[in-house]
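Have a look at the structure below before the remarks.
The values are calculated or read from the model by the stated rules, or taken from the named source; none is laboratory data. Please read all numbers here as calculations on a predicted model, not as lab measurements. FYI the Cβ positions are ideal-geometry reconstructions off the backbone, even for glycines, and counts take in every protein chain you see. Note: areas computed on protein heavy atoms with side chains; ligands, DNA, RNA excluded. Shrake-Rupley method; radii C 1.70, N 1.55, O 1.52, S 1.80 Å.
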Amino acid sequence: MTIVIGMKEDFGLEKAKLDERDWLYVLTMISGLGRKKIREIFEITGSFQVAIENWHELARQLRLTSLITRQVDKQSNEASAIALLEKREEERTRFLCPFDDTYPVSLRNIPDSPLTLFYRGDHTLLEKLSIGVVGSRKPTPYGRASCSFFVRELVQAGLVIVSGVAYGIDAEAHQATLKAGGKTIGVLGCGMNHVYPSRHRELYREIESFGLLLSEYPPHIPPVSGLFPERNRIISGLSIGVLVVEAAEKSGSLITADCALEQGKEVFAIPGPIFSLMSAGPHNLIKQGAKLVTCSNDIWEEIKHHLPEAEQMQQVEKRKTNDVVPLSNEEKAIVEALTYDGIHLDELMSSLEKDQRRMLHQLVIRLEAKGAIVALPGGYFARR
């Protein structure tokens, strides 16, 4: 069956045939027909078009529910298929699938690879070398500072930062990347038409404008708890390795680390204070063989064979060692009063001598510009 449909000029074509990727799209939009069943359909028939043409026989063979069968009956007739695809073009719904040459090589051979990748933003970032950064949704100031520090270094090395747009370390990783002028990919656990969490609406817009939003789910799919663990295999699949910043003993971030190990990727873990619950996850990973990292060079040693650009990471380390920014006595006093965990500006003020307090705000701004300290949410500052 060959159907010719009209297409908008915005998509670069006047007309196109309904091909395998279009039939895949039709099946993807069927409620209750998941990717595993769709993959099974293709394995049996070798063609989604053939599957549609022999649908009732195939449905009996696969023991599909009558609800699914009726939906396919409705969507697979000529008029409904054309309407569905025209709506896709109207709404500018963009997606990649294994039939596309631009489908990321990094995802083709992972277990349970996604059949569709809906996206907004720059899909060419999928061709770049990336590293995943994940962690707790309730990080400590130490975790935020560590995340920001490592992300900046990795961005300077030319790596794209991949994370899940969740609260905590995920958001910190995306924001730190954008602040450093880098590129980031946000992998969603819901469809593109939903912002989750809702407070990340502005972050969604920034990632779409300066990076890439990605989801294997059709745009209308709402956030459901079971979908978020699934997206973790995409975060690790796109990445040459995964950096775990902070995580409780049973954190969802450890699912991403497990996916990375299953896919043969590197796992990196930042150690933390032994009394912190947020250190349990990274410390357990280190015990199991993850690479303990205290500087970006620890990551470089494991990934340098992947990318020539990572040589820049060595230059970052050299600059840190050989190009130390001199500090005034007043600046040194502030740095010495801070901790790596971070303290509030009010607490910092009370810890200083009276004559040191007058210029505190100006000195904090200057130290942040020099890279000696880092500003954390809520008015906290930490040493680097």
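Filtering the range 12-70 to residues that are in contact (Cβ under 8 Å) with a residue 24 or more places away in the chain, outside any helix (DSSP H, G or I) and touching a strand residue (DSSP E or B) at 6+ places or on another chain (Cβ under 8 Å) leaves only 18. Taken over the range 123-148, the residue count meeting the criterion of being over 15 Å from residue 175 (Cβ atoms), of a type in the set (Val, Ile, Thr) and modelled with pLDDT of 95 or more is 2.
Within the range 258-290, which residues are assigned to a loop (DSSP other than H, G, I, E, B) and touching a residue at least 24 places away in the same chain (Cβ under 8 Å)?
In the first step, residues of the range 258-290 are kept if they are assigned to a loop (DSSP other than H, G, I, E, B); the result is 263-265, 270-276, 288-290.
Within the range 258-290, 263, 265, 270, 272, 273, 276, 290 meet the criteria.
Here residue 159 does not qualify as of a type in the set (A, V, I, L, M, F, W, C) and open to solvent by 20 Å² or more (accessible area, probe 1.4 Å).
Look at residue 116 and say whether it is of a type in the set (Ser, Thr, Tyr) and under 20 Å from residue 234 (Cα atoms). It would help to see each step written out before you state the result.
Numbers: of a type in the set (Ser, Thr, Tyr): yes; under 20 Å from residue 234 (Cα atoms): yes.
Against the criterion (of a type in the set (Ser, Thr, Tyr) and under 20 Å from residue 234 (Cα atoms)), residue 116 qualifies.
Residues in the range 357-374 that are over 20 Å from residue 294 (Cα atoms) and not in a loop (DSSP other than H, G, I, E, B): 357, 360, 361, 362, 363, 364, 365, 366, 367, 368, 369, 370.
Which of the residues belonging to the range 334-369 are under 31 Å from the mean Cα position of the chain (by Cα) and not β-branched (Val, Ile, Thr)? Walk me through it before giving the result.
Residues of the range 334-369 under 31 Å from the mean Cα position of the chain (by Cα): 339-344, 365, 367-369.
Result: 340, 341, 342, 344, 367, 368, 369.
You will find that of 163, 130, 146, 136, the residue that is among the polar types (S, T, N, Q) and under 17 Å from residue 294 (Cα atoms) is 146 and no other. Looking across the range 103-139 at every residue that is open to solvent by 40 Å² or more (accessible area, probe 1.4 Å) and of a type in the set (Val, Ile, Thr), the one that is nearest to the chain's Cα centre (by Cα) is identified as 124. When residue 335 is tested against (1) in a helix (DSSP H, G or I); (2) surrounded by fewer than 12 Cβ atoms within 10 Å (Cβ to Cβ); (3) among the β-branched types (Val, Ile, Thr); (4) at pLDDT 85 or above, just one condition goes unmet, and that condition is (2).
All conditions but one from (1) modelled with pLDDT of 85 or more; (2) closer than 19 Å to residue 145 by Cα apply to residue 368; the one that does not is (1).
Counting only residues that are acidic (Asp, Glu) and open to solvent by 70 Å² or more (accessible area, probe 1.4 Å), which one in the range 342-384 is farthest from residue 143 (Cα to Cα)? Before the answer, list the steps.
Taking the range 342-384 as the starting set, the residues that turn out to be acidic (Asp, Glu) are 346-347, 353, 355, 368.
Filter once more, so that each one left must be open to solvent by 70 Å² or more (accessible area, probe 1.4 Å): 346-347, 353, 355.
Working: 346: 21, 347: 20, 353: 29, 355: 32 Å.
The selected residue is 355.
Does residue 54 satisfy the criteria of being out of contact with any helix residue (DSSP H, G or I) (no Cβ under 9 Å at 6 or more places or on another chain), open to solvent by less than 80 Å² (accessible area, probe 1.4 Å) and at negative phi? It is false that residue 54 is out of contact with any helix residue (DSSP H, G or I) (no Cβ under 9 Å at 6 or more places or on another chain), open to solvent by less than 80 Å² (accessible area, probe 1.4 Å) and at negative phi.
Among residues of the range 337-348 that are over 20 Å from residue 147 (Cβ atoms) and touching a residue at least 12 places away in the same chain (Cβ under 8 Å), those with a Cβ under 6 angstrom from a residue that is open to solvent by less than 20 Å² (accessible area, probe 1.4 Å) and of a type in the set (A, V, I, L, M, F, W, C), sequence gap 6+ or separate chain, pair up as 337/348.
Is the range 297-308 home to any residue that is assigned to a helix (DSSP H, G or I), modelled with pLDDT of 80 or more and over 30 Å from residue 259 (Cα atoms)? Talk me through it step by step, then tell me what you get.
First, pick out the residues of the range 297-308 that are assigned to a helix (DSSP H, G or I): 297-303, 308.
After this cut, where a residue has to be modelled with pLDDT of 80 or more as well, the list is 297-303.
Filter once more, so that each one left must be over 30 Å from residue 259 (Cα atoms): none.
No, there is no match, as no residue in the range 297-308 is assigned to a helix (DSSP H, G or I), modelled with pLDDT of 80 or more and over 30 Å from residue 259 (Cα atoms).
All but one of (1) surrounded by fewer than 20 Cβ atoms within 10 Å (Cβ to Cβ); (2) in contact (Cβ under 8 Å) with a residue 60 or more places away in the chain; (3) in a helix (DSSP H, G or I); (4) charged (D, E, K, R) hold for residue 144; state the number of the condition that does not hold. Just one mismatch for residue 144, condition (1).
Regarding residue 48, is this residue at pLDDT 90 or above, under 27 Å from residue 192 (Cβ atoms) and open to solvent by 60 Å² or more (accessible area, probe 1.4 Å)? It would help to see each step written out before you state the result.
Details: at pLDDT 90 or above: yes; under 27 Å from residue 192 (Cβ atoms): yes; open to solvent by 60 Å² or more (accessible area, probe 1.4 Å): no.
Considered against the rule, which asks whether it is at pLDDT 90 or above, under 27 Å from residue 192 (Cβ atoms) and open to solvent by 60 Å² or more (accessible area, probe 1.4 Å), residue 48 comes out as no.
When the residues of the range 192-246 are narrowed to those that are among the aromatic types (Phe, Trp, Tyr) and part of a helix (DSSP H, G or I), which ends up surrounded by the most Cβ atoms within 10 Å (Cβ to Cβ)?
From the range 192-246, those among the aromatic types (Phe, Trp, Tyr) are 196, 204, 210, 217, 228; that's our starting set.
Restricting the remaining residues to those that are part of a helix (DSSP H, G or I) gives 204, 210, 228.
Working: 204: 20, 210: 16, 228: 18.
Checking each candidate, the answer is 204.
When residues in the range 59-79 are screened for being open to solvent by less than 40 Å² (accessible area, probe 1.4 Å) and over 24 Å from residue 46 (Cβ atoms), 0 of them pass.
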